[in-house]
Structure formats: structure tokens, C-alpha cells
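Working notes, beginning with the structure itself.
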Amino acid sequence: MSRKKIAVLTSGGDAQGMNAAVRAVVRTALDQGAEIYAVYEGYQGLVEGGERIRKMDWDSVGGILYRGGTVIGTARSEEFRTREGRCKAALNLIQLGIDGLIVIGGDGSLTGANIFRQEWPSLLAELVQNGKINAESSAAHPNLLIVGMVGSIDNDFYGTEMTIGTDTALHRITEAVDAITSTAASHQRTFIVKVMGRNCGYLALFGALATGADWLLIPEAPPNVDNWQDVMVERLKAGTKAGRRDHIIIMAEGARDRDGKYIGSSDVQRVLEEGLGEEVRVTILGHVQRGGRPSAYDRNMSTLYVWKKREKSQR
Ligand code: F6P
């Protein structure tokens, strides 16, 4: 019997721990006697094929456990969103005899994987019809087996307790807010810190909890009064009266009011400057949250996740 051939790719925004996941996938596949390929540059690499799809061995993933980002690259591919792009991707896989795909990515990437899996039989039929592959190759790979590993700092995937990268991003936020707090306290200042998460407030919520922030704005729990700006200003004033030297407002990038209206950091800054009568600084943490070395938790979760799946499949 020929060896099972599978491929792994990382897609969407990178996340710390993706390398640990790739390493675990490659080594577990080899341990199980499968042939394993890495697709470079996410779905775009799948569409382009050729050098973008490379066979991996044990050493190909050596020394990457501690590295940030994803060593096999990632992209947000517009081409893969089209059926034509997915047809090219199917051809590239079939030509190598690959019919198993492990996708490490967020919501959009895993939705894309599911569409690809559903369309697989019809994509192969199209390739046979256009004379790109023969009926035997199509019949040898009737299904595309997909495994999704949720890699995203946002922790926004339903049914998943922790996604790859979230723990590291949370640590990074905590460190940054701690640093800001010390300068804020020295100057008796108020800071607004905006954190990533797209439409999910997890990072903001747990970042605020970990740093004892004064005010929090997240999309899941908008302020429950219309005059929340006045309430916020009064709370901060009360804090100052009680002896507090710094004020930290943490807001998620997807923060909304109860009418669903987006709240921008400059809106909050204006309200606070008017209400408190002082200058207010804004720090947008941005991509530092996503870059750099993964925490032990993210490395271990990514590794054990693959190991657990392997154990289950052996039962
Ligand atoms: O999904 C991860 C994430 O970092 C979000 O938190 C953020 O909104 C977005 O990606 C930023 O995307 P880009 O890297 O394309 O700027």
C-alpha cells in the first residue's frame, strides 16, 4: 500500500505557537509513516504550487519551537477565495497525490478549508473534464480529509477554549500595560490602551483583569447606559480622589456602544480630555501582540493537541 500523503499550511494572521504546531504535525506524521508536505505562504502557496509545496523531513522543523510567527509563511489569499483558485489548488495537491490537509489558522482560514473539502469532488470532476487529470487519479482520492487547528491570537473560535497564540498575546498585553502603568503613575496620567482581537473582546477583558485596569470597552458587553462617557469620567475622578495616580482604559479594537456604533480610541480620548481637563495618551499596541516568541503554554498546547489527536486516532 502506498504511504498516505498529507500537507500542512498556516493561514491568515500569524500567531505565536504556529511553529510548534507545524513541528508537531510534521513529526507526528513521519512517526505514523505518512509523507508530509509543507505548503509555504498559506492558501496562496496551495494555488501557486511548485516550489511552494515542499516535502518535509524530521530536520526540516528543527529549531523552530521557540520562534515567533510561522516559518512556512502565511498570507490572506484572494485567489483561493475564487473557485478558479481552488481548482488550481486541487490540481497541485492531486499531482502530488495529497488528499489530507491540516490547516492552522483562524475563523476565515478554517471556513475556507471547509469549502475546499465540500467542493473537492466537483473540483476533481472539473479537472478530469478539462483533461488536467485522469479519471484514475480522481478515483484514487475521492475525498479531501481536513484537520483544522485554530491558530489566532483573538480566541474567537466557537467551541475552542484557547486558540494558538492567545496566551502569548495576553502576556504581551499584560507586560505592555504594566510598563504603561508605571509611566502613567509617575506623571499622574490617564492612558487608553487599544488591543487586538477583531470582533472579540477576550484579550481586552483578560488583559484588563490581569492589570487591574480602570475601565474596559469590549464588543460583547457594551456600556449599559447611554451616558457611559459621563459615568466613566466620574469613576476616574473618584479614583483620583481616593489617591490613584494612574488611570488605564483598555479597549478592544472591536468596541461598540449599545446601539452597535463603533467606539474609536480618539472618541474616548476626547471625552476624557474634556471631562478630566487634562491630556490623555493613547497607545495602540498593534502587531507587537502577535509577534515574538511563544509562551510555554502556546508551545505545549500546540504540541499536545497533535499528540492527543494521534492517540485518539489509534484507539
Ligand atoms: O486575527 C488576528 C488579528 O491580529 C486581529 O486581532 C487583527 O484585527 C487583525 O489580525 C490584523 O490584521 P493584519 O495583520 O492584516 O493587520
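The values are calculated or read from the model by the stated rules, or taken from the named source; none is laboratory data. What you are looking at is a predicted structure, and each value in this text was computed from that prediction instead of being measured. As a convention, Cβ positions derive from the backbone with ideal geometry for all residues, glycine included, and neighbour counts pool all protein chains shown. Please note that ligands, DNA and RNA were not included when accessible areas were found on the heavy atoms of the full protein model with its side chains. Shrake-Rupley method; radii C 1.70, N 1.55, O 1.52, S 1.80 Å.
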Accessible-area composition of the stretch 183-236, carbon plus sulfur, in percent [1.4 Å probe]: 50
Students often check this: by mean Cβ neighbours within 10 Å, which of 292-303, 98-109 ranks highest, and how do the rest follow? 98-109, 292-303
So with the 1.4 Å probe, I'd like the accessible area per residue for the stretch 28-133, rounded to whole Å². 44
For the chain, what number results from the quotient of the Cα radius of gyration and 2.2 N^0.38 Å? 1.20
Cβ charges +1 (Lys, Arg) and -1 (Asp, Glu), total dipole of the stretch 80-131, debye: 80
Bins of 5 Å from zero: percent of alpha-carbon pairs in the stretch 75-127: 4, 19, 33, 28, 13, 3
Please pull out the direction-averaged projected area of the stretch 1-85, using the convex hull of its alpha-carbon atoms, in nm² to one decimal place. 6.0
Rounded to the nearest 0.05, FRET efficiency between N300 and T82 (Cβ-Cβ, R0 41 Å) equals 0.60
Farthest positive-ward along the chain dipole, Cα basis, beta-carbon charges - from G243, G73, T211: G73
Where labels lie 7 Å past Cα in the beta-carbon direction, separation of E136 and V282 in nm: 6.4
Give the accessible surface of the stretch 178-315 per residue, rounded to a whole number of Å², with probe radius 1.4 Å and ligands, DNA and RNA excluded. 55
Eligible aspartates and glutamates near K88 by straight Cα distance, threshold 17 Å, same-chain separation 8 or greater: E41, E48, E51, E78, E79, D99, E119, E126
Amide H of Y37 versus every other amide H placed in the peptide plane: which residues, excluding those fewer than 5 positions away on the same chain, fall under 5 Å? I6, A7, V8, M56
If you place +1 on the Cβ of every Lys and Arg, -1 on the Cβ of every Asp and Glu, and leave all else neutral, what size is the dipole of the chain about its Cα centre, to the nearest 20 Debye? 880
Going by alpha carbons, how many degrees (0 to 90, nearest 10) lie between the helix axis of 18-31 and the longest principal axis of the chain? 30
What's the angle, to the nearest 10 degrees (0 to 90), between helix 202-211's Cα axis and the longest principal axis of the chain? 50
